Amino acid sequence: MAPASGEDATAKIQILKDALYEEARQHGSESRLFSQADLQDLGVVPANDVMLLLKVIQALTDDKLFVACQGAALAWRWRSREEAKKYTSLNDETMMVYSVIDEAGADGIWNRTIKHRLNMHEAVVKNCIKTLETKGYIVSMKNVEHPNKKMYIKANLRPSDRATGGPWFTGGELDSAFIEELQNIVFEYIKTHSAYLGSQGGRIVAGGAGGISSSGGGALKVPKKVIRGTAPTSTTTSEAADAASRGVKRAAIEISNDVEGVTTNGVGSHHPAEAAGSKGSASAVAGSRASKNKVYLPFPAGYKLYPTVSEIAKFIHNTGITNNTTLGEADIQQLVDVLTFDGLVEPIKVNSRKGYRVVRPTKQDTVPYAKRMKEREEGIGLGLDMPLRTGAKPLSNGLTEAPCGRCPVADMCEEGGPVSPNNCVYFLQWLGLEERGSGQAQLVPPSTS
């Protein structure tokens, strides 16, 4: 009867083992840790028999279905049956190496770290790694933090952003061109959605058919001139046009309300010029293009629809300009932070909404960055000799513009020396006195007329 009793006990443990494993899977993910009390609360082991529970846990651990984890107290987590089969197909040494790589997760692990952690001979570790690579259980990877180290990761895992550098790295190398182009796109979006194109020095009045015209001549595609607190917030669109025609200025809250819900290509747009343009006539658009004095003007105090990081991320996603690279709000926030640190944009908070606006909008280039770059590549258009920069021209004065402060041979400059103010080429270029086409710079005599 003893053998039969032993067989019955084995069969009972097998049944309880399968039941406990399924219950653990249903009550938590693969990363959840189950304590002894948690496993008892599952109600699988009858009468909360602790000794029987420990036997069932040991059986699951032997089958590699449970993994023991040591923390504040002993706990276990379950492992998938497919992964358990991989462990059972390996010998002890290879299993230990695979276990260390498994514990490293998506960050991967250095081969020398495996050697020191297991205290194995280097040749043994290399043989185990070769076996695991042959079976397709692990693969080598590159880590941007340690580009010269050979790292390994489980074959079914995707390397973490910490290891690959996220979307800003390609093949382990920093993709500076991609970052620069995307940064310019983000800046252009903030610029066009935190300021509007207007005519500097001209009085803006209401135009026909919902358009807007300028007192200086043709229609101009710009919003109505507004200031805060001079008109009731319940003004409708028609009333606003009548008020503008009478010279009554509108509140900032109204311009915010006018453009809410306006969309462009499926992307929410908060640009008043776009809202006005969607209602304006073709003559208003033509007049806008013909204007020679267009500048970006800031919105009045109290304007509340400055672009947020969430809106910028949605715009990048909907336009599909990043191809197969997925960018989240955290990635876009990094680009906006760089623009902020460079002094190109600044955060502005209205109520609970945190948006961003361009710095020094009136000094910004009205030609989009992409168009300016295309003109330079094709050798057409105006301003080809201008530097292709993001944002406004840096602040300067006579002292900073003078060539002496950045002269590469300033240490050699002295009267009677090889370089002196009398023969300084940089001074001639700065003062516009250099005679073009000649082999060397020469002073051009002033005209007598």
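The values are calculated or read from the model by the stated rules, or taken from the named source; none is laboratory data. For clarity, every value in this text was computed on a predicted model and none was experimentally measured. Cβ coordinates were reconstructed from backbone atoms using ideal geometry, including for glycine residues, and neighbour counts include every protein chain displayed. What goes into the accessible areas is simple: the full protein's heavy atoms, side chains included, and nothing from ligands, DNA or RNA. Shrake-Rupley method; radii C 1.70, N 1.55, O 1.52, S 1.80 Å.
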| said: When the residues of segment 345-361 are narrowed to those that are farther than 12 Å from Lys191 by Cβ and more than 20 Å from the chain's Cα centre (by Cα), which ends up least open to solvent (accessible area, probe 1.4 Å)? | reply: Val350
| query | For segment 297-315, what are the residues that are touching a His at 6+ places or on another chain (Cβ under 8 Å) and aromatic (Phe, Trp, Tyr)? | reply | Tyr306
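What number of residues in segment 386-424 are under 30 Å from Lys363 (Cα atoms) and either open to solvent by less than 90 Å² (accessible area, probe 1.4 Å) or modelled with pLDDT under 80 (or both)? Break it down stepwise before answering.
First, the residues of segment 386-424 that are under 30 Å from Lys363 (Cα atoms): 386-408.
After this cut, where a residue has to be either open to solvent by less than 90 Å² (accessible area, probe 1.4 Å) or modelled with pLDDT under 80 (or both) as well, the list is 386-407.
Matching residues across segment 386-424 total 22.
Taking the condition within 30 Å of Arg25 (Cβ to Cβ), among the hydrophobic types (A, V, I, L, M, F, W, C) and surrounded by 15 or more Cβ atoms within 10 Å (Cβ to Cβ), does Leu132 pass? Break it down stepwise before answering.
Values: within 30 Å of Arg25 (Cβ to Cβ): yes; among the hydrophobic types (A, V, I, L, M, F, W, C): yes; surrounded by 15 or more Cβ atoms within 10 Å (Cβ to Cβ): yes.
The answer is yes for Leu132.
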| said: Would you confirm whether or not segment 183-200 contains a residue that is modelled with pLDDT under 90, part of a loop (DSSP other than H, G, I, E, B) and over 26 Å from Leu344 (Cβ atoms)? | reply: no
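Residues to consider are Gly43, Gly6; find the one that is small (Gly, Ala, Ser) and either open to solvent by less than 40 Å² (accessible area, probe 1.4 Å) or at pLDDT 85 or above (or both).
On the way: Gly43 fails: either open to solvent by less than 40 Å² (accessible area, probe 1.4 Å) or at pLDDT 85 or above (or both).
Step by step, each of Gly43, Gly6 is checked, and only Gly6 is small (Gly, Ala, Ser) and either open to solvent by less than 40 Å² (accessible area, probe 1.4 Å) or at pLDDT 85 or above (or both).
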